[in-house]
Amino acid sequence: MHGHGTYIPENKALAWFERRLPVLGLLKSSFVDYPTPRNLNYWWTFGGILTVVLMVQIVTGIVLVMHYTPTSADAFDSVEHIMRNVNYGWLLRYIHANGASMFFLAVYVHIFRGLYYGSYKEPREVLWILGVILFLLMMATAFMGYVLPWGQMSFWAATVITNLFSALPFVGEPIVTWLWGGYSVDEPTLKRFFSLHYLLPFVLFGVVLLHIWALHVVGQNNPAGIDVKSNKDTVAFTPYATIKDSFAMIVFFILFAWLVFYVPNYLGHSDNYIPANPLQTPPHIVPEWYFLPFYAILRAIPSKLGGVIAMFGSIVVLVFVPWLDTSKVRSARYRPLYKQFFWILLVVCIGLGYLGAKPAEGIYVIAARILTAYYFLHFLVILPLLGFIEKPKPLPSSIAESVLKGKESDPMPAKG
Amino acid sequence: MATTAGTTRRDFLYIATGAAGAVGVAAAIWPLIHQMNPDASVLALASTDVDLTPIAEGQIITVKWRGKPVFISHRSKKEIDEARAVPLNQLPDPQPDQARVKEGKDQWLVLVGVCTHLGCVPLGHQGDFDGWFCPCHGSHYDTSGRIRRGPAPLNLLVPPYEFVSDTSIRIG
């Protein structure tokens, strides 16, 4: 996406078209000639994986809608109809349901990769913030999609999550009634969630394009966290990144296929195969695995409004990470202290996920409070202080040098 | 129009146009927002009549009102006494039991069965205070439906209701 190129296709018809709408040149400069740092590792393949998973979700979602009925009387039955009667309905629904989990798995890897290698630092702040917006849109989309089968978990997830807004002083109750379109979660709620669940993926797609655009303006970060200085530091997107991304995608889709074909309900809850009952809450309600850390934070705070603020705050704090991190060095590879705190943060987040699935009582609540406190401590105290305390290791003079240290000559011809 | 230096007829027109535009946009957006509020058919279902005769002492029944569960508890003498014995300063949301029932009908407790934390339905005759217990996040309510322990900030709501006869009520 580097503006107008000078590319002229050899085919005469294409050349005629290119002069009127230079879309081929745009694609070529963005996805073929585009220079990528030569040291990118497999953690850099998750952006491409995420784009493909989004497309899988959109395609399977569009066809599921052809068989689904968004009414409180028929939604549950229509999902069973998809599973039992519609040709390949079981496959499409299992891909779509597990696709949500795979989407979050990939996005968490992608976010933690960004945190490890400092991909949010100058000049990539806007790129990072667009990423946080994408994450929020994903969460909203996944939540509303989970409501559509209208099982017990769907219904009570909708009730609990929309009730988060009732914590707001004064405007809370009117907002919740407005979100529901009634005095409880009911058919109007289902219908609007269905409408928005169809809309948001396309919004997501639009923001993904902005995210990629911003990426191509500032260039990719890389494991060394230093800027590209010459052609020797880069290789062309095609074939190098294309092949590497494709290979990672295949491995990722093997895991995806294993879930879909062997354990399609492993990540779900059996309660959601019971039709929604507004008069009875299931004994243990837990969100899907990808929301568990945030759920643990919500429950850790012994005040309703406080819990809601902490939960949203745990995501909002990510927006400010580019400025909270005061170190000039991007990659954790050259930050001996930050590297250790990074791994502690990862363990804390996984720990919060574990606690989110446990009942909110006794030792679990205490542990959740400690981990929640640490989560915020990491971003609000440790990250700003480390920049002053830490003595970074010496940076390599170039990406090429970081890759080729100890080798006599450059085995790879410089490209792009 | 005031003719101070720097303020022109054109400035006035800019501001007036902008203001009219803003009002127009707001007026156009309002129907798009308000359509999400409860519609006429939802509002029409606003009241429910309940016959109390089949409810035995010590029994709690659940009826549906505005899509929500409403608990009707036929309290025993012991439950009423328990609720009235608690000093108000021990309650997170202080309210005397007398204010939560109709005068002379102390045995009938009518509550919206929605936890004031995040909207789950609490379970009756459970929890540490013989009232209700919310399985979602562990809020305990007493025999007057008042919050005693846990994350819920408020007592279970008493819906607007009235006795239409000695043995039946109209909720809403």
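Please treat every number below as a calculation from the coordinates, not as lab data. These numbers come from a predicted model, not from an experiment. We place every Cβ from the backbone using ideal geometry, glycine too, and count neighbours over all the protein chains shown.
Some values worked out for this structure:
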quantity	calculated
Inter-probe distance in nm under a simple model that places probes 7 Å from Cα toward Cβ, at residue B:22 and residue A:20	4.5
Placed amide H near residue A:234: partners under 5 Å, 5+ positions off or other chain	A:38, A:415
Between region A:363-392 and region B:1-68, the alpha-carbon center distance in angstrom	42
Rounded FRET efficiency, nearest 0.05, which uses the C-beta distance separating residue A:33 from residue A:344 and R0 of 56 Å	0.85
Ranking of A:138, A:66, A:83, A:153 by count of other Cβ atoms within 10 Å, fewest first	A:66, A:83, A:138, A:153
Percent RCO, i.e. relative contact order, over region A:202-316, from Cα pairs under 8 Å lying at least 6 residues apart	10
Karplus 3J(HN,Hα) series, Hz, for region B:43-51 with 6.51 cos²θ - 1.76 cosθ + 1.60 (x for Gly, Pro)	5, 5, 8, 6, 10, 9, 9, 10, 8
Burial ordering of B:36, A:144, fewest other beta-carbon atoms within 10 Å first	B:36, A:144
Derived scalar couplings ³J(HN,Hα) [region A:397-405; Karplus, 6.51 cos²θ - 1.76 cosθ + 1.60; whole Hz; x for Gly, Pro]	6, 7, 4, 4, 5, 5, 7, 9, 4
Residues residue B:33 and residue A:88, FRET efficiency given R0 of 30 Å [Cβ-Cβ distance, rounded to 0.05]	0.15
Candidates A:34, A:364, A:262, ranked by Gaussian network fluctuation over chain A, Cα under 10 Å, top entry	A:262
Virtual paramagnetic centre 7 Å along Cα→Cβ of residue A:173, amide N under 11 Å, in region B:140-172	B:157-160
Relative contact order for region A:1-136, counting Cα pairs under 8 Å that sit 6 or more residues apart, in percent	21
Residue exposure sequence - A:88, A:374 - by fewest surrounding Cβ within 10 Å	A:88, A:374
Residue A:312 versus residue A:165: modelled label distance in nm, points set 7 Å from Cα along the beta carbon direction	1.0
Filter on A:244/A:391; A:28/A:121; A:28/A:328; A:339/A:405; A:191/A:358; A:229/A:393 - keep pairs with C-alpha separation over 24 Å	A:244/A:391; A:28/A:121; A:28/A:328; A:191/A:358
Relative contact order of region A:37-296, pairs being alpha-carbon contacts under 8 Å that are 6 or more residues apart, as %	33
Amide N of region A:22-50 lying under 17 Å from the label point, which is placed 7 angstrom from the Cα of residue A:250 along Cα→Cβ	A:42, A:45-46, A:49
Amide H contacts of residue B:149 (H built 1.01 Å from N, under 5 Å, at least 5 apart or other chain)	B:140
15 Å beta-carbon shell around residue B:127, net charge (K/R +1, D/E -1)	-3
Chain A - Kirkwood radius from inverse mean 1/r over Cα pairs (Å)	23.7
Residue with peak Gaussian network fluctuation, chain B [Cα springs, cutoff 10 Å], from B:14, B:161, B:141	B:14
Rh (Kirkwood; distinct C-alpha pairs) - region B:41-171, Å	14.8
Estimated inter-spin distance, residue A:122 and residue A:320, nm [label 7 Å along Cα→Cβ]	2.0
Fluctuation leader among B:29, B:72, B:55 - chain B, Gaussian network, Cα springs under 10 angstrom	B:29
Placed amide H near residue B:123: partners under 5 Å, 5+ positions off or other chain	B:133, B:134
Using θ = phi - 60° and Karplus 6.51 cos²θ - 1.76 cosθ + 1.60, couplings along region B:112-120 (whole Hz; Gly, Pro as x)	6, x, 10, 4, 6, 7, 10, x, 6
Scaled radius of gyration (Cα, divided by 2.2 N^0.38 Å) that region A:219-356 gives	1.48
Rounded FRET efficiency, nearest 0.05, which uses the C-beta distance separating residue A:77 from residue A:227 and R0 of 56 Å	0.45
